[in-house]
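This report concerns only the one structure given below.
FYI, it's all coordinate maths here, none of it is from the lab. Just so we're clear, the structure is a prediction, and the values are computed from it rather than from any experiment. When we count neighbours, we look across all protein chains shown, and the Cβ atoms used for this are built from the backbone with ideal geometry, even at glycine.
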Amino acid sequence: MSQANYKSDAEAIDAFVGRYKDLTNEISKVIVGQDTVVKNVLISVFSKGHCLLVGVPGLAKTLLVSTISNSLGLDFNRIQFTPDLMPSDIIGSEILDETKNFKFVKGPLFANIILADEINRTPPKTQAALLEAMQERTVTAAGHQYKLDSPFFVLATQNPIEQEGTYPLPEAQLDRFMFNVWVDYPKYEEELAIVKNTTSNFTADVNNIMSAEEIVFFQDLIRKLPVADNVMEYAVKLASSTRAGSQFANETVNSYLSWGAGPRASQYLIIGAKCHAAINGKYSPDIEDVKAVAEPILRHRIVRNYKAEADGYSIEKIIEGLL
């Protein structure tokens, strides 16, 4: 799939809307409900971003990621993060072959979609092994740099309840994730449908809707969408307003936040707004599109102080006040 197949970018966006609907229909064969979660994961995929899924066990986070990778026709590897996992276990390592020469054996990181399951269960040195891959789309081992296949996404899961024996992700790594998506319990009707499907011999076949080349084409198309100056200014002001003491910060931010979002938040607000506009058939994002992606982008980038916790001010409530 290339630009040659479409007469204009507008026609390509119209085609993208249809492909996106096909994707969500295919995913809904297996994943019941969780529409916002699916939408945010797909926006991060088409924005060349990474996604952190936070939720209690048993909410089909792993199933969601594998279903999305099947519908996108991409190579998928799951890495179960454990306290004894070493960087070489995910990157790969050099071994002596039969000819007594060193050869590099690629680790599970060499795939299109990486599911980093329970990423906070592994020590910081192994978490950090993902940093270069997430930012540069390359891996360095034994002085050699290896390029990762395109497209490349890290979708990580985290359990918010159990903190014993876990290692909180460092801020530098959290900032590499475009979205922090909260996966909530299903509604009663949805849970009923889930139980019916999973306690019988029902199996849903997920069809491949897109190719890797098509995903890369749509990623580039979304980057090309024009953004009006007022929308750009709104996104930058919004990110800036989370920083205590800045000219755009309100009283709540100055009282309750220790740290605000950095420039990467402003970048993701614009690219996320572009993708949100594209899936809704718009050729340019507006302020509503920025607002639609703001919460999952800002949630993990702002740090509350002890006063906010004492007064019961949640991060979501603070973001809501800024919007």
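Restriction of the trypsin sites (Lys or Arg not before Pro) in segment 69-126 to DSSP coil positions whose beta-carbon has at most 12 other beta-carbons within 10 angstrom yields LYS100.
With one equal scatterer per alpha carbon and no solvent term, the Debye-computed log10 I(q)/I(0) for the chain at 0.15 1/Å reads -1.34. Expressed as a whole number of Å, what is the distance separating the alpha-carbon centroids of segment 139-156 and segment 275-307? Taking the Cα centre of segment 139-156 as reference, the centre of segment 275-307 is 28 Å away.
If I stretch the segment between LYS187 and THR24 completely, what's the gain in nm (0.36 nm per residue apart, minus their alpha carbon distance), one decimal?
On the way: separation 163, 0.36 × 163 = 58.68 nm, distance 1.88 nm.
Extending this stretch completely gives an extra 56.8 nm.
Can you give the relative contact order of segment 86-198 as a percent, counting alpha carbon pairs under 8 Å and 6+ residues apart? Dividing the mean separation by the residue count of segment 86-198 yields 26 percent. Expressed as a whole percent, the proportion of Cα-Cα pairs in segment 225-322 lying more than 22 Å apart is 28%. For segment 103-110, the Karplus equation 6.51 cos²θ - 1.76 cosθ + 1.60, evaluated at θ = phi - 60°, returns couplings of 9, 8, 9, 5, x, x, 5, 7 Hz by residue, with Gly and Pro reported as x.
Shown in residue order for segment 178-183 are the 3J(HN,Hα) couplings computed by the Karplus curve 6.51 cos²θ - 1.76 cosθ + 1.60 at θ = phi - 60°: 5, 10, 10, 9, 8, 9 Hz (x for Gly and Pro).
So between GLU251 and LYS224, what do we pick up on full extension, going 0.36 nm a residue minus the alpha carbon distance? Before the final figure, lay out each step's value.
Values: separation 27, 0.36 × 27 = 9.72 nm, distance 3.71 nm.
That works out to 6.0 nm of additional length.
In order along segment 307-316, the Karplus-derived 3J(HN,Hα) couplings, from 6.51 cos²θ - 1.76 cosθ + 1.60 at θ = phi - 60°, round to 5, 4, 5, 5, 8, x, 8, 7, 4, 4 Hz, and Gly and Pro are given as x. Taking the Cα centre of segment 1-96 as reference, the dipole from Cβ charges on Lys and Arg (+1) and Asp and Glu (-1) amounts to some 280 debye. Projecting label points 7 angstrom from Cα along Cα→Cβ for ASP97 and ASN77 puts them 1.8 nm apart. Taking amide H positions as modeled 1.01 Å from N, with prolines and chain starts lacking one, the residues under 5 Å from TRP259 and 5 or more places away or on another chain are VAL303. For segment 12-75, a Kirkwood hydrodynamic radius built from all Cα pairs, placed in the Stokes-Einstein relation at 20 °C and 1.002 mPa s, yields a translational diffusion coefficient of 173 µm²/s.
Kindly list the residues of segment 37-60 that lie in the label zone of ASN280, defined by a backbone N under 15 Å from the point 7 Å along the Cα-to-C-beta vector. Residues passing the 15 Å test: 39-40, 43. Selection among ALA129, VAL154, VAL17 by position relative to the dipole of the chain gives ALA129 as farthest towards the positive end (Cβ unit charges, Cα centre). The simple Förster model, with R0 at 41 Å and r as the Cβ-Cβ distance, assigns ASP84 and SER150 a FRET efficiency of 0.85. For GLY73, the residues 5 or more places off, or on other chains, whose built amide H falls under 5 Å of its own are ILE209, MET210. Magnitude of the charge dipole for the chain, about its Cα centre and with charges confined to Cβ atoms of Lys, Arg (+1) and Asp, Glu (-1), is about 420 debye.
Here each label is just a point 7 Å from Cα along the line to Cβ, and for ILE287 and VAL216 those points are 3.9 nm apart.
For segment 180-199 versus segment 72-97, the spacing of their alpha-carbon centroids is 31 Å. If we count every other residue with Cβ under 14 angstrom of VAL139's Cβ, Lys/Arg +1 and Asp/Glu -1, where does the sum land? With Lys, Arg at +1 and Asp, Glu at -1, the net is -2.
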